[in-house]
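Here is the structure we will look at.
The values are calculated or read from the model by the stated rules, or taken from the named source; none is laboratory data. Please read these numbers as outputs of a predicted model, since none were measured by experiment. Cβ placement follows ideal geometry from the backbone for every residue including glycine, while neighbour counts extend to all protein chains displayed.
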Amino acid sequence: MTTPIPDDIRAYQNGLDSEARAICDVLLEVIERELPDADRKVWHAHPVWFFEGNPVVGYSRLKVSVQLLFWSGQAFEEAGLEVEGSFQAAQARYTDPSQVDLVALGRWLSKARDIQWNYRDIRRNQGLVPLRGLPGAPAATG
């Protein structure tokens, strides 16, 4: 069962320039298709998808590109993703929709579901700890 795109994400898309909108429309369509059960909202001014309150993927318009960010992306060990920041995030950047590799994006989104560092509880845990799909992660239930 798919649910409508939240109003805040629709407003974000509608506010983009045409160049970024073309890229973000592709990203939105694929993310929605691959992660239909994820929660999603505009968080810190950008569309972000979550599992159980843990951010896994989002995108944003930068000055000269669109950034696709996977919060736990460094653990995916995938070509096409570059280290971003000082935690475990990885990114891809696009300046044209044709640059989005749909097969790779589908694979990355599958990994985003299965491999996660715990960003949700980063303060309580006093840093990042494995949440799922990583050594030291709690045993899966259910």
Where the second residue is in a loop (DSSP other than H, G, I, E, B) and the first is closer than 17 Å to residue 62 by Cβ and lies in region 36-47, which pairs have Cβ atoms under 9 Å and are six or more apart or on separate chains? 42/6; 47/6
Of the numbered conditions (1) under 14 Å from the mean Cα position of the chain (by Cα); (2) loosely packed, with under 15 Cβ neighbours inside 10 Å; (3) at pLDDT below 95, residue 110 satisfies every one except a single condition; which is it? (3)
Of all residues being surrounded by fewer than 18 Cβ atoms within 10 Å (Cβ to Cβ) and at pLDDT below 95 in region 52-74, which is farthest from residue 16 (Cα to Cα)? Just the residue, please. 52
Report every pair of residues separated by at least 6 positions or lying on different chains whose Cβ atoms are under 8 Å apart, first residue within region 65-87 and touching a residue at least 12 places away in the same chain (Cβ under 8 Å) and under 20 Å from residue 46 (Cα atoms), second part of a loop (DSSP other than H, G, I, E, B) and of a type in the set (Val, Ile, Thr). 65/95; 66/95; 72/115
